[in-house]
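Colleague: Okay, here's the structure, questions in a sec.
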Amino acid sequence: MNFCEWKALKAIQAQDLSVCEITVCTGGSCSQRGARSILDAMVKELGVKPGRRTADGRFRLETANCLDRCSLAPSVAFDERIYSQLNVQEALGLLKSYRQA
């Protein structure tokens, strides 16, 4: 899924405000800079594979081919807010803060 497709999907899914969508960029730059480790950690922490919702229905994990932040890779979006230059611990810290919200 490219950035434009991702934005279109976000617009469609915006109707369901109770779900926080976490999108891990898996494009070239992000993959080379650790996105796979972030995705693996999110899968483990959330207990779901990409394309699925958590058991409590609060989070949905997705991947995208590009979030248009290649020079700041790796990137993860929580809903429409994109965080860049993350490592695994920072990404999991963001997840923790969203869980507490």
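The values are calculated or read from the model by the stated rules, or taken from the named source; none is laboratory data. Computed from a predicted structure; not experimentally measured. Backbone-built Cβ (ideal geometry, glycine too); neighbour counts: all protein chains shown.
Colleague: Look at region 72-101 and say how many of its residues are under 11 Å from the mean Cα position of the chain (by Cα), under 18 Å from Lys44 (Cβ atoms) and not in a helix (DSSP H, G or I).
Modeller: Here the count works out to 3.
Colleague: Would you say Arg33 is within 14 Å of Phe3 (Cβ to Cβ), crowded, with 17+ Cβ neighbours inside 10 Å and either modelled with pLDDT of 95 or more or not aromatic (Phe, Trp, Tyr) (or both)? Give the steps one after another, and end with the answer.
Modeller: On the way: within 14 Å of Phe3 (Cβ to Cβ): no; crowded, with 17+ Cβ neighbours inside 10 Å: yes; either modelled with pLDDT of 95 or more or not aromatic (Phe, Trp, Tyr) (or both): yes.
Answer is no for this residue.
Colleague: When the residues of region 12-30 are filtered to those that are aliphatic (A, V, I, L, M) and modelled with pLDDT under 95, which remaining residue is surrounded by the most Cβ atoms within 10 Å (Cβ to Cβ)? Can you show your working first?
Modeller: Residues of region 12-30 aliphatic (A, V, I, L, M): 12, 14, 17, 19, 22, 24.
Next cut, modelled with pLDDT under 95 only: 12, 14, 17, 19.
Values: Ile12: 8, Ala14: 11, Leu17: 8, Val19: 14.
Here the answer is Val19.
Colleague: Applying the selection to region 53-71, what residues are among the hydrophobic types (A, V, I, L, M, F, W, C), over 14 Å from Asp40 (Cα atoms) and not in a helix (DSSP H, G or I)?
Modeller: The answer is Ala55, Phe59, Ala64, Cys66, Leu67.
Colleague: In addition: For region 54-93, give me each residue that is without any contact (Cβ under 8 Å) to a residue 12 or more places away in the chain and either among the polar types (S, T, N, Q) or crowded, with 18+ Cβ neighbours inside 10 Å (or both).
Modeller: From region 54-93, those without any contact (Cβ under 8 Å) to a residue 12 or more places away in the chain are 54-56, 81, 83, 89-90, 93; that's our starting set.
Passing the criteria: Thr54, Gln89.
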